[in-house]
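Rule-based calculations on the coordinates, nothing more; no lab input. These figures come from a predicted structure and were not determined experimentally. Virtual Cβ from ideal backbone geometry, glycine too; neighbours counted across all protein chains shown.
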Amino acid sequence: MVLDGKRILLIIGGGIAAYKCLDLIRRLRERGANVRCVLTKAAQEFVTPLSMGALSAEKVFTDLFDREDEHDVGHIRLARESDLIVVAPATADMMAKVAHGHASDLAGAVLLATKTRVLFAPAMNPQMWAHPATRRNLAVLKDDGVYFVGPNRGEMAESGEAGEGRMAEPLEIVAAAEALLDDRLKPLSGKRIIVTSGPTHEPIDPVRYIANRSSGRQGHAIAAALAELGADVQLVSGPVNIPDPDGANVTRVESARDMKAAVEELLPADAGIFVAAVADWRTATETGEKIKKQAGADVPHLELVENPDILAGIGHHKMRPHLVIGFAAETQNVVENARKKLSKKGADFIIANDVSHDSGVGESGVMGGTRNRVIVVGSDGEEAWPEMSKEEVAEKIAALVAERLTA
Ligand SMILES: Cc1cc2nc3c(=O)[nH]c(=O)nc-3n(C[C@H](O)[C@H](O)[C@H](O)COP(=O)(O)O)c2cc1C
């Protein structure tokens, strides 16, 4: 069952159709979903938090400025802790507020703070639904990625009125929720993808190591974006200070050699995306004891040896994934160097980024920063993407992977 164990946040707006949510909660719960409700102020004129709480067997949320819930910024938590947000009935007023990003009540704040998919079930008088203002808001919301179910044609609560504006029936809303949460319908469902992320640490002695400025933000964002499209994501991460991405299996490693072994262990895979900033060199010898500073003695000399090239190793591997993508951090001749790497490493794409401090990207540059500007170099040409957040780069790369793996 698709809804089994899924967390659904039901935001109930102030319309006559709010009574149908009593049945909707039952239908969702009998399919195994966990339902939490937010009631707008207007919704409470139509249905009570008491009945919604009894049916959902969960606390009901009504107030943005709730002292108990907001001690840990509860509205942000509500926004994050769900697999789907359903807004039913979605009133004309709610559509207007959300289309314009208002966060003046709990429902608005949650909807603005969420990255979760949102399903609106509008319900209103046919004149309100047909009004140019509502049409505009509908277009904006659809453009922002909000999904819709209904409204249907039929009798209105107002006597003698009929037309388009009746809220979809609870079972139609359930079916729309199931379609959105069904991983089998996602483009990368059933595809296994290995992603590497972060820096590597190359030990000098038990306390010192060679590292680089990679934060793991780009690789982790790619892992999350691929998981969002239904992929079975295997993330191999070097030491980072950011949380694990949602929906990915994470293997933590320290050195380039550990990373190589972990990646090989995870083969076979449909695609490999090598985002980690793997150290090119490690020390030739690794001492088991801390190198001591001794008065009068020479400073130690570190001899470096080359680390294995993980991307090239996988690009030419006998179990090479169907699609291999590598990142190339360059400070000069970015495209030219990326093109050379394409064949040398056996990759389908090299995603080149200019990591020089004066690249003009963000405040702190690409390495360790939150923004990126990349050039996607493939065998049949190259495409320069404008500067955007690392999450946006990740979404575009996930779409590229989906296109290549499903072609
Ligand atoms: C009896 C009654 C029924 C209403 N039914 C609807 C409705 O079906 N759809 C709608 O968009 N607004 C309806 N409204 C108006 C909303 O309650 C009003 O716009 C409110 O501000 C919506 O707030 P909310 O979106 O925060 O819940 C109704 C108002 C009343 C008094």
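What to note about this one:
- Selection from Asn333, Ser104, Ser56, by position along the positive dipole direction of the chain (Cβ): Asn333
- Residues Ile210, Ile291, arranged from fewest to most other Cβ atoms within 10 angstrom of their Cβ, appear as Ile291, Ile210.
- Percent breakdown of C-alpha pair distances by 10 Å bin, ordered from the shortest bin, for segment 7-181: 10, 42, 37, 10, 1
- Annotation for segment 88-139 versus segment 290-354: alpha-carbon center distance of 49 Å.
- Segment 125-171: GluC sites (Glu not before Pro) falling in loop per DSSP and having at most 14 other Cβ within 10 Å: Glu158, Glu161
- Across the chain, Cα pairs under 8 Å and at least six residues apart give a relative contact order of 11 percent.
- The gain in end-to-end length when the Arg153 to Ile291 segment is fully stretched comes to 41.8 nm, 0.36 nm per residue minus the alpha carbon separation.
- Average Cα contact separation per residue, segment 7-181, under 8 Å, 6 or more apart, as relative contact order %: 23 percent
- FRET efficiency estimate (nearest 0.05) - Cβ-Cβ, Ala399 to Asp183, R0 22 angstrom: 0.80
- Ordered by the number of other Cβ atoms lying within 10 Å of each residue's own Cβ, fewest first, Leu323, Leu171, Leu24 fall into the sequence Leu171, Leu323, Leu24.
- Size of charge dipole - the chain - debye, nearest 20, with Cβ of Lys, Arg +1 and Asp, Glu -1, no other charges: 380 debye
- Placing R0 at 35 angstrom, the Cβ-Cβ distance between Ala162 and Ala96 gives a FRET efficiency of 0.90 after rounding to 0.05.
- Here Ser343 and Met319 are evaluated by their C-beta separation; at R0 = 22 Å the FRET efficiency comes out at 0.65.
- Gained length - Asn249 relative to Phe65, 0.36 nm times residue gap less alpha-carbon distance: 62.6 nm
- Taking the convex hull of Cα positions in the chain, its mean projected area over all directions (nm²): 25.7 nm²
- Segment 223-266: relative contact order as a whole-number percent, Cα under 8 Å and 6+ apart: 37 percent
- From helices alone, the chain scores -9500 deg cm²/dmol at 222 nm; the rule is -39500 (n - 2.57) for each run of n ≥ 4 DSSP H residues, then divide by the residue total.
- Inter-label distance, Glu172 to Arg213: 5.5 nm, where each label sits 7 Å from its Cα along the C-beta direction.
- Cross-link partners of Lys59 among lysines (Cα-Cα below 21 Å; sequence separation of 8 or more within a chain): Lys6, Lys20, Lys41
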